[in-house]
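Okay, so here's the structure we're looking at.
The values are calculated or read from the model by the stated rules, or taken from the named source; none is laboratory data. Just so you know, these numbers come straight off a predicted model, no measurement behind them. We place every Cβ from the backbone using ideal geometry, glycine too, and count neighbours over all the protein chains shown. For the accessible areas, the whole protein counts, side chains as well, though only heavy atoms, and no ligand, DNA or RNA atoms are used. Shrake-Rupley method; radii C 1.70, N 1.55, O 1.52, S 1.80 Å.
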Amino acid sequence: TTTTLVATPNPATAGQALVLTATVKGSGAATPTGTVSFMNGAALLGSVALNSSGVATLSTASMAAGTYSLTAKYVDPPSFLGSTSATVSVTVTPSAIQSTTTTLVATPNSVTAGQTVLLTATVKGNGEKTPTGLLTFLMDGNVVVAVTMNSSGVGTLSFPPRRAGILSWTASYKGDAS
């Protein structure tokens, strides 16, 4: 048998679906059956059964930025000799910087002086990654505190305002590497 491997797109972006397509051809008229193992060096990415045309496809979006050496191995064929494709070098580039939206909710919305208000700020990105890092709470334009967001992109502050009146709260997120 002869096994060929095609990776698309190449280069890919981290988080983007990378589609690996292996085609196995026999030396005769019969179409090979069995399984193809998609490999990154010695690491198994996944195994897929050949379809009736001798093609197996694996899609993955879990590859981080870097360069990979991928092969497709036709293994355990019932009536054919196994084969391995030529190595395909795939480059995965870092994902682009994503924009974010920050929302702020005060609970309760109306308090008396000294009563604690819980401020919950949520930062959402337009990509697959959750924003990380510091979130700054401001009251009337003055910094009150910076907090580290949790793994869901949420930061909270419990605060008892010392004065009565209308207070203007904002949450500011300066971004992270992604």
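Restricted to region 1-21, and to residues there that are in a strand (DSSP E or B) and within 12 Å of Ser95 (Cα to Cα), the residue that is most open to solvent (accessible area, probe 1.4 Å) is Thr13. Just name the residue that is surrounded by the fewest Cβ atoms within 10 Å (Cβ to Cβ) out of those in region 137-176 that are assigned to a loop (DSSP other than H, G, I, E, B), under 24 Å from the mean Cα position of the chain (by Cα) and free of Cβ contacts under 8 Å to residues at least 40 places away in the same chain. Here the answer is Ser151. Within region 29-40, restricting attention to residues that are over 21 Å from Pro9 (Cβ atoms) and free of Cβ contacts under 8 Å to residues at least 40 places away in the same chain, which residue is least open to solvent (accessible area, probe 1.4 Å)? In this case the residue turns out to be Ser37. Restricted to region 106-136, and to residues there that are open to solvent by 70 Å² or more (accessible area, probe 1.4 Å) and within 14 Å of Gly153 (Cα to Cα), the residue that is farthest from the chain's Cα centre (by Cα) is Leu134. Scanning region 56-97 for residues that are in a loop (DSSP other than H, G, I, E, B), at pLDDT below 85 and farther than 13 Å from Thr13 by Cα, we see that the one that is farthest from the chain's Cα centre (by Cα) is Ser79. If you go through region 22-35 and keep only what is within 28 Å of the chain's Cα centre (by Cα) and over 15 Å from Val88 (Cα atoms), you end up with just Thr35. Here Gly46, Gly66, Gly26, Gly82 are screened, and the one residue that is without any contact (Cβ under 8 Å) to a residue 24 or more places away in the chain and surrounded by fewer than 19 Cβ atoms within 10 Å (Cβ to Cβ) is Gly46. If you filter region 119-136 down to residues that are of a type in the set (S, T, N, Q) and assigned to a strand (DSSP E or B), you find that the one that is nearest to Ile166 (Cα to Cα) is Thr120.
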